[in-house]
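Engineer: Attaching a single structure in structure tokens format; questions to follow.
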Amino acid sequence: MQESYGAGQVICEIEDETVFIGLNSPRSLNAMDPVMVSGIVEATEDAARSGHRWIVLHGKGENFSSGASLDGYQDLVESVSPGPDSGMYELIASERGLTDLARILRHPHINSIAAVHGWVIGQALEIALACDYVVAAPDAIFWLPETQHGWNVGMGATYLLTHTLGLGWARRMLLLNEKLPAARAEQLGLVSRIAADNDIRAESLKLINQLRKSSPMALQFQKKLLDILPSMSLDDSREMEIMTAYLLASTHDPREAMTAFRAGRAPNYAQPRTNNGASKS
């Protein structure tokens, strides 16, 4: 069953308990106008609100996305001016929507994948960076040309790119606007998996099946630790790990893991509640 959002520019379907959110404007290289962006946000919010833990964003046609549509945002940008009638507030609201999307994609209960191929440009790469993992076809090319068009990146992309690739490559991509092919992106850590046979959907499901072997609660804790500990001191990080280990020790999963190991079977971990409250949190 399919459900459409953003005037049909976003198609949502479910396979194997995984929500696939597809950018559906291939004639424009899936260029993102405000309507499509609103559709992506709404589809992701609905998936999270419904309790889905696995979300894959992908693009229909020959490319993931050429990024923000300059034509689509023209009226909004031209409406920004000093005064009470300025479109500044609409522009800020649009950016806030993308920030909400980034937060949902990184929510501890959600495991998000950007399954990309062809061009992954600008705003499209910002969305991919907001996901937990990037699965790429060999032909994927990542590019952030925002400064050439008078913009800076958003959605926390400066922070995420620097922490993922290091300051040197972040400068090369953000200031020199260098393109990054998939093979090099995998070497640098931006890409988690390359689909050698170009089947990024199947490769995404393989990655999800690997995640399913782990305790959902442990994944949530470890995911949050990855987000917060790099900005803390080493000693504080160690203390935080002790505290979270204590919390995990009080749950069902560590005991189940030991029981399953002794019995020579796969563990039956406790599953999270259906509604995870991830929307806009």
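The values are calculated or read from the model by the stated rules, or taken from the named source; none is laboratory data. On a predicted model such as this, the values are computed, not experimentally measured, just so you know. Glycine also receives a Cβ, built like all others from the backbone with ideal geometry; neighbour counts cover every protein chain displayed. Surface accessibility is based on the protein's heavy atoms, side chains included, excluding ligands, DNA and RNA. Shrake-Rupley method; radii C 1.70, N 1.55, O 1.52, S 1.80 Å.
Yes/no per residue for (1) assigned to a helix (DSSP H, G or I); (2) under 20 Å from Ala136 (Cα atoms):
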residue: Ala48; (1), (2): yes, no
residue: Val56; (1), (2): no, yes
residue: Gly61; (1), (2): no, yes
residue: Asp71; (1), (2): no, no
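Engineer: In addition: Which count do you get for residues in region 54-71 that are open to solvent by 10 Å² or more (accessible area, probe 1.4 Å) and at pLDDT below 95?
Structural biologist: Residues meeting the conditions: 4.
Engineer: Looking only at region 121-135, which residues are touching a helix residue (DSSP H, G or I) at 6+ places or on another chain (Cβ under 8 Å) and in a strand (DSSP E or B)?
Structural biologist: Selection gives Tyr133, Val134, Val135.
Engineer: Output the number of residues of region 242-267 satisfying the condition of being of a type in the set (Ser, Thr, Tyr) and part of a helix (DSSP H, G or I).
Structural biologist: First, the residues of region 242-267 that are of a type in the set (Ser, Thr, Tyr): 244, 246, 250-251, 259.
Applying the additional criterion that residues be part of a helix (DSSP H, G or I) yields 244, 246, 259.
The number of residues fulfilling the criteria is 3.
Engineer: Please enumerate the residues belonging to region 187-198 that are open to solvent by less than 70 Å² (accessible area, probe 1.4 Å) and over 16 Å from Ala130 (Cα atoms).
Structural biologist: Selection gives Leu188, Ile194, Ala195.
Engineer: Scan region 121-164 residue by residue and report those that are polar (S, T, N, Q) and touching a residue at least 60 places away in the same chain (Cβ under 8 Å). Reasoning before the result, please.
Structural biologist: The initial filter retains those residues of region 121-164 that are polar (S, T, N, Q), namely 123, 147-148, 152, 158, 162, 164.
Within region 121-164, just Gln123 meets the criteria.
Engineer: Against the condition part of a helix (DSSP H, G or I) and surrounded by 13 or more Cβ atoms within 10 Å (Cβ to Cβ), how does Glu239 come out, does it pass?
Structural biologist: Against the criterion (part of a helix (DSSP H, G or I) and surrounded by 13 or more Cβ atoms within 10 Å (Cβ to Cβ)), Glu239 does not qualify.
Engineer: I've got another one for you. Tell me, which residue of region 136-155 that is in contact with a strand residue (DSSP E or B) (Cβ under 9 Å, 6 or more places away or on another chain) and either in a strand (DSSP E or B) or of a type in the set (A, V, I, L, M, F, W, C) (or both) is most open to solvent (accessible area, probe 1.4 Å)?
Structural biologist: The qualifying residue most open to solvent (accessible area, probe 1.4 Å) is Trp151.
Engineer: A further question follows. Which residues, taken from region 156-178, are open to solvent by 100 Å² or more (accessible area, probe 1.4 Å) and in a loop (DSSP other than H, G, I, E, B)?
Structural biologist: Across region 156-178, the qualifying residues are Leu175, Leu176.
Engineer: What tally of residues in region 108-120 results from selecting those that are crowded, with 24+ Cβ neighbours inside 10 Å and either in contact with a Gly (Cβ under 9 Å, 6 or more places away or on another chain) or part of a helix (DSSP H, G or I) (or both)?
Structural biologist: Qualifying residue count, region 108-120: 3.
Engineer: So, in region 213-232, exactly how many residues are assigned to a loop (DSSP other than H, G, I, E, B) and either closer than 13 Å to His107 by Cβ or open to solvent by 40 Å² or more (accessible area, probe 1.4 Å) (or both)? Give the steps one after another, and end with the answer.
Structural biologist: Initially, region 213-232 is screened for residues assigned to a loop (DSSP other than H, G, I, E, B), giving 213-215, 232.
Within this subset, residues satisfying the condition of being either closer than 13 Å to His107 by Cβ or open to solvent by 40 Å² or more (accessible area, probe 1.4 Å) (or both) are 213-214, 232.
The total comes to 3.
Engineer: Report, by residue number, each residue of region 38-52 that is aliphatic (A, V, I, L, M) and within 17 Å of Met1 (Cα to Cα).
Structural biologist: Correct list: Ala43, Ala47.
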